[in-house]
Amino acid sequence: MTTPQALLLSLPCVPVAGALVAGLLPARRGRAIRAVGWTASLAALAVWVWLRAVVEAGPGPWVSLQAPWVPAFGISVHLALDGTGVLMSGLVAAVAVAAAVATLPFEPGLSRVHVVSLLLAEAGMLGLVAAWDLILFVTFWEVTLIPFYFLMGRGPRAGAAAATRFVVTSVTSSVLMWVGLLWAVRLAGGTPTFDLIELSARLAIQPEVPGSLVLLLSVACLVRMAALPLHTWLTVAVADVPTAAAMLLAGGVLPLGGFGLVHVVGRLCGPDLGGVGDWFMWLGLATATGGGLAALVQRDLKRLLAFVCLAQVGLASAGLAMPSEAARAGGLHLLVAAGLGGAALFLFAGVVCQARGSQRLVDLAGLWASHPFFAGMAFAAVASAAAVPGTAGFVGAAQVLQGTGGGWLGVAMLALALLCPGVAVVWAYRRVVGGSYQGDVWSAERWPRKRQAVVLAVLALAILATGLFPALVSPGTGQGSTAVASADTRGQAGEGTP
Amino acid sequence: MGVARFMAEAHVLLWIVPAISAVLLSGLGARLGNRWLNALALAGNGWTCLQALLAGVYFLYGPADGVGHPVIWSWMTLEPFGLVFNLDGTGAWAIVALAGVTLAAQLHAAASVGRLAGRHRFAALMQIGLASGAMLACAGSPLVMLVGWEGQALAAAFLAGFWEPEAGGGRTGMRWLLFQRLSGLLLMLGLFTLGVEEDLGLGLILAAAAVRAGQVPFHGWLPDIGRVPVPAGALLHGAWSSLPAVLLLVRIAPWVESSPWAVQAVVVVGLAGVLLGALAALQQPVAAKALGWLFVLHGGLAFLGLAFGDPVAALLLASGQAVALGGMTLAAGVLTDPLAGLGAVLGLPARFRGRLVFGLVCTLSLLPPGLTFLGFGRLLAAAPQGTLGKLALAAVLVAGVATGWVAQRVVRSLGAEPADEGLPVQRGLAFGPWLLAAAAPACGALVLWLNGPAAAGGEQAWPLALLGSGAALAGAGLGWLVGRGRRRVLPERLAQTQLVTQWLADTGLGLGAAVVQVSVVTARALGVIVWRVLGEWIMDGLVVATAYRTVQGIGMALRGLQNGNVHRYMLVITAAALGLVLWMLR
Amino acid sequence: MNPAGWQGALPVLLVGLAGLSLAAMGPLLPHLRRVALCLGLAALLGALAAVAVLWPGAPETLLGGGGLRPDGYALFVQAAVLLCAVFALLFGWHAGEDWAPGSTGLVLLATSGVCLLALAVDLVAILTGLVAAMLPLLGLSAASPGLHGREAALKSLLATTLGAGLLGLGVALVASQTGTTLLSALPGELEHLGWLGDRPLLVAGLALCLAGLCVFMAAVPFHMLFPDAVEGAPTPAAMLLTGGLLVAGLAATGRVVLCGFGDAVLSGPGYLAWTEVLHGLGVVTILAANALALVQRRLKRLLACLASGQVGLALVTLAAAGVLQSRSPEELDRALGGLLAFLAVHSLTWVCLFVAVGSAVTEAGSDPKLGHLDGLAQRSPWLAAAVGLSLLCMSGLPLTAGFFARMYLLETMVAAGWTASAVAVALSVGLVLVMSLGLVGAMVLRPPREGVTVRSSLAVSLVAGLASLVILGLGLLPGGLMDLAVRAAGSMLGR
């Protein structure tokens, strides 16, 4: 086994090991348990960095590892990472580290279950990204839900209800995806196999992939991406669950829904998603627009942020469903932006709402006067959600825009999809940071903790870096700018001089 | 050419210096004393202003003759996200105007709000706006252009109503924010669609410019000038909105000229702006709001200049307007509560009046050799013969009259007795108006000296331009007469007798308000539909809950059936067996 | 009896004789309870060993006048049932004084009856096996203290009579029409008779056979007596009812429909194909049983309803297998193998769940209700883990054996082209999950309930631990079980 393969294998195993250790520690050793929690997540991130350093890019999977699991049914343990996978696993690892480091010590009523669930959830998501066998994929897809259930279950409000709702919708939809997978396997014919590469190769030579099969395959991803009208679980969930869970939901689960769309549906049904790609594009645009419009009328900070996040992921899915290469790259970029930004926003919102004891926007004001650094760092995420140039969100949005090919309707919906969430989130930010700070209604103890501020700053830096150096995340392709560049030169010629 | 290269490389300092000063201000400002704070802020402004002036003179009159030298920062050349900077004559000129007005506003802020908490952030925001404006002016690629555009818009959105976001200022900022987000997005969409679908892209960019400049029908945010803190008000209506918009139009002038419909659109927008601006300004009893409408009016003129194919006229008009109206705002701001904006006139201790009146009148710059005067000249020279020419002349005259009228009104409001004699008026308050008062004619004179009469459209345009100046004086005189011998002329009587006209005047004859209200209400309604109706009622309520309840109902029914009563069990099972048999027998 | 193949019935004989003797001795020597338990366990383990030795079985040898066939299919089912019985006895150990003298013998007798059922390839033998399995079970219920037990015994008796009556009537009709009750001979006769639709009596006979079997398998709407019987029965009996009788009953139904009715799958005037009948029954059972479970307040009833919901799944799969039978035999092997694996896994699941329910004792002595498992994780973590695991296994979550079991069923349905049913199954999974998660969440997230004690003992921990180990192990490495199951299915189909 080569070094990259070993690292690939240990990527999901490290958090599992951490979870085991944390689970075996006696419950009263809270400090040690927390330490294990954030150490394990940091270790996973370190493994990813190492892997990124040693693996070399290429067509197809960059690193791959395969072993038979149930040979009779063509099921194997096939872990692999291609460019997209490396990107998404990095995102998941980073978000998990942020959640662990920034929230673990400060969750009220923190317990061993919490830490173990967080680590297992991270492991599940990392495995999901690396799974190239469909049964393995479904396994991780569903097994991730159980830790999430316990992570969300002890929320500030009706956490358990939200968790049950999330898990039940998610599992039901994933069983549908499963039916779709079995159907696809039959459609592919030959000896049954669930290996993604093999299966997509067989399906590629099929005359056509039925639309209902595409629907069955993608409904699970749509649920996880909280695409309209399957979005209702998200708004309930993030408003009611602990900060760590909200960060992982916004930073991990939502983007991974889009990843599933690319990874499974995209590969099995071809880049045009079996001919129904246009529908997905319109669905994504509708989600983005609708989410933004709904965000405009929210009065609860976390719920507003939830709508903003789902709008951004919707836009990403629209880009991923477009035929053009640039748009797909933009969609991927938007997924990363949505992940980082969502994690940062919910960290900010979680800390602030916990300190104030309320999530209503009318109760929050004056942070610019009281906590300028913390508020300032959050602005990077806000700007990214508003697709302000120089942030990750802008790069993705611009690339997706190039993919629309300048159709009137597409551009109009894109404009709405960018305008509404942007206005909503910037307005909310202004409300929270502006105004006068009444110290007496806020929590007496010190907030935010240094660690939280640092994590937020790092996330903000990541958002700006991916915005200023898009090449870091995805090699974008662009035509739109050339026109303007030449516009300037042509402009100077015609320019008179006073 | 080594010097040119050096100038080109060095011009990134135009935005880097104010950016640095912004960072320092917001980082250390809280600990700095007033003197150092102002020094830091003014340093950012001053540097930009001087360097831009030098660069402009070099590029326009040195060996470079107007053509810039692109600077590509190679570490960011990923299309379309390359950072390409390119300063040319136009950019340099725009930066000079921008930095000058910002400098004046900074001086005013130092005196008026220099004692308030958070003043350092206020100053930092001004610097950010300046830096973004400079970036926009020397943009060589879409990304830079967008960064500049959005940065200035965001900075302005935070400046507007800086001290009271929850109260009226919050609304002000919100409206501004809405419009500026819209303009930024339109610009972005336009820039990226321009290469694919030229007409669509051009239309989007024009719309972006119109929104930014507050041209009809996107002028809904203008009446809010009354609530913006005075220094911000002087900036974000002129130097930060009309000027960038015109600059953008100048950049895409070749596209505009190559498509007839775009030219017509710009003409229509410009004329509408002039007409509505003049009407609303004349209707306005409140001097501050009347000022607000003058921005629309002059913006419209600048658009006209562009439509007539003379970007220089547009630039002259836009910069002249930024200087003149900015100066008027600052001057009028002397006698108001700096936070409540121009809304509340407090009156002024007698010893200040004379100098301010002077400063105020001089800022008009409609008189030769003011910038606007030159702009008039070039505009009329460029105007085609026939109807359009006559319309242009009419526009110039209307503009003159309205400007004079409003200026006289502001002067008259200086006469009001101070509401509170003990009002502490900072000495520094007068610097800003004075600076701009000096700047307008000085720049005009400089341009004339450098380019000769051609700068004002040549000999044949002079008399017409002078007509414009005369119209201004006439307007002022008319206003003086009306104010003096309390005789009412129609517009004012209308304004004072009929609330409807008042409201119309406030909202730019209703149109702007309609645009704002309709869009906002529609958006909110749609949002409620998505959130409540689709999400909570249909999905959660109808689909999920109904399904769950149905299953639950079936369960309850079965449980009721299964009540432990044996003969009922037997009955059911026997019936079921019979049913099975019949079913299988069909 | 064919002397060559008598050893094929070794497990039945072993367990049956031991059961008889212990049942007879039990009342005479009440103080030797533990000894009896040890002997019973020894007998069961011996039977298991016999099964292991006999594997892969001898399909060609027929016993009891051709009524019994010790093929791999029978052995597989017997193994599952014997395992279930072992757990039941272990729990009896845990039950202490409540374990009435002679109960051990009854458990063994019931087990032997179930094993007989697994061997049966003749309609009459199946009827015998069912009755032989039910009677000791209702004896167990009647022997348990309290009125509940006797009521349950009465209802089980009724169920037995009714089911046996319906099945007997059906068998009689079939025999009168075809002249045989041997499953191996039935298809030929049916083919010989031509179009079934012209013979209403025969069709009615087939229908009544199905109805009778459905009574024992607790398929809706024949399930009426089942929850009451399970609720009142003592825990070991409940385990055998769900984990033993249901499993063997489903296996026998599989034999009947696939070997007996054969591939006469075409519907037409006067005859609705059995596949469609089972399909309809299965879907109705899935929906109704889970809906019924949703509104239960008592744990045992809840588990009983969930069990019959799983039976619905199995019935739909059987029907799909019937469709496959006429299409592609090799796929039929896999389908049936999947079904066997599913049955084995679920017998384990139910054992685990009933162990937990049985060990949660209220002070009032009443049956445990839903809330009584609150905070179980704090009281006995391992038991809680086992229960949670088996609940998740029942809803088919990954890393539990239920995951692959569910996959096989779905695969069969998709293979038969019944995507719609597969979707319905998916939705039912969501429904099951609602209940499972409710219980799991209550066990982990809620504080313990007052007035409820969890009597955990070595035996309970052993049962729970073993069961959860197997569930996890099969969830990680299902290959071995699947191979066995497919081979067993093949041997049943004579391949």
> Out of the residues in region A:339-369 that are within 14 Å of chain B (Cβ to nearest Cβ) and closer than 18 Å to residue A:379 by Cβ, which is surrounded by the most Cβ atoms within 10 Å (Cβ to Cβ)?
Replying inline: A:367
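At least 1 residues that are modelled with pLDDT of 85 or more and closer than 28 Å to residue B:122 by Cβ in each: list the helices (runs of 4 or more DSSP H) lying fully within region B:1-77 that qualify.
Correct list: B:13-28, B:34-61.
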>> Checking the condition under 25 Å from residue C:124 (Cβ atoms) and hydrophobic (A, V, I, L, M, F, W, C), which residue from C:6, C:55 passes?
In response: C:6
>> Taking the condition of being surrounded by 14 or more Cβ atoms within 10 Å (Cβ to Cβ) and not in a helix (DSSP H, G or I), how many residues in region B:549-563 meet it?
In response: 1
> Quick one: would you say residue B:194 is modelled with pLDDT of 85 or more, surrounded by 24 or more Cβ atoms within 10 Å (Cβ to Cβ), under 17 Å from residue B:141 (Cα atoms) and not hydroxyl-bearing (Ser, Thr, Tyr)?
Replying inline: no
> Considering region C:20-67 alone, what residues qualify as being β-branched (Val, Ile, Thr) and at pLDDT 85 or above?
Replying inline: C:35, C:51, C:53
> Given the conditions (1) among the hydrophobic types (A, V, I, L, M, F, W, C); (2) at the interface with chain B (Cβ under 7 Å from one of its Cβ atoms); (3) free of Cβ contacts under 8 Å to residues at least 40 places away in the same chain, which single one is not true for residue A:454?
Replying inline: (2)
> Where residues in region A:394-426 are within 7 Å of chain B (Cβ to nearest Cβ), without any contact (Cβ under 8 Å) to a residue 12 or more places away in the chain and in a helix (DSSP H, G or I), which of them is nearest to the chain's Cα centre (by Cα)?
Replying inline: A:415
>> Checking the structure you have, find out if any residue of region C:50-60 is in a helix (DSSP H, G or I), farther than 21 Å from residue C:493 by Cα and among the aliphatic types (A, V, I, L, M).
In response: yes
>> Being surrounded by fewer than 17 Cβ atoms within 10 Å (Cβ to Cβ), within 14 Å of chain B (Cβ to nearest Cβ) and of a type outside the set (D, E, K, R) is the filter here; which residues of region C:173-199 pass it?
In response: C:195
> Only one residue in C:306, C:294 is over 29 Å from residue C:257 (Cα atoms) and at pLDDT 85 or above. Which one?
Replying inline: C:294
> Quick one: is residue A:136 assigned to a helix (DSSP H, G or I), surrounded by fewer than 24 Cβ atoms within 10 Å (Cβ to Cβ) and either of a type outside the set (Lys, Arg) or under 19 Å from the mean Cα position of the chain (by Cα) (or both)?
Replying inline: yes
> Are there any pairs with C-beta distances below 6 angstrom linking a residue in region A:17-31 that is free of Cβ contacts under 8 Å to residues at least 40 places away in the same chain and within 17 Å of residue A:43 (Cα to Cα) to a residue that is outside any loop (DSSP other than H, G, I, E, B) and not hydroxyl-bearing (Ser, Thr, Tyr), with the two at least 6 apart or on different chains, and if so which?
Replying inline: A:21/A:36
> Does residue C:157 satisfy being within 14 Å of chain B (Cβ to nearest Cβ) and closer than 26 Å to residue C:66 by Cα?
Replying inline: no
>> For a quick check of your reading: which helices (runs of 4 or more DSSP H) sit entirely within region A:161-272 and have at least 1 residues that are more than 18 Å from residue A:319 (Cα to Cα)?
In response: A:196-204, A:211-224, A:232-240, A:243-248
> On the given criteria, is residue C:22 over 23 Å from the mean Cα position of the chain (by Cα), loosely packed, with under 14 Cβ neighbours inside 10 Å and hydrophobic (A, V, I, L, M, F, W, C)?
Replying inline: no
> Which ones in region C:117-164 are small (Gly, Ala, Ser) and over 15 Å from residue C:213 (Cα atoms)?
Replying inline: C:139, C:141, C:142, C:143, C:144, C:146, C:149, C:152, C:153
>> Being surrounded by fewer than 24 Cβ atoms within 10 Å (Cβ to Cβ) and in a helix (DSSP H, G or I) is the filter here; which residues of region A:303-325 pass it?
In response: A:303, A:325
> Do any helices (runs of 4 or more DSSP H) entirely within region B:203-289 hold 3 or more residues that are buried (at least 24 other Cβ atoms within 10 Å of the Cβ) and in the same structural domain as residue B:322 (by TED's automatic domain parsing), and if so, which?
Replying inline: B:230-234, B:243-251, B:260-283
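The values are calculated or read from the model by the stated rules, or taken from the named source; none is laboratory data. All values derive from a computational prediction rather than experimental measurement. Positions of Cβ are generated from backbone atoms using ideal geometry, with glycine treated the same way; all protein chains shown enter the neighbour counts.
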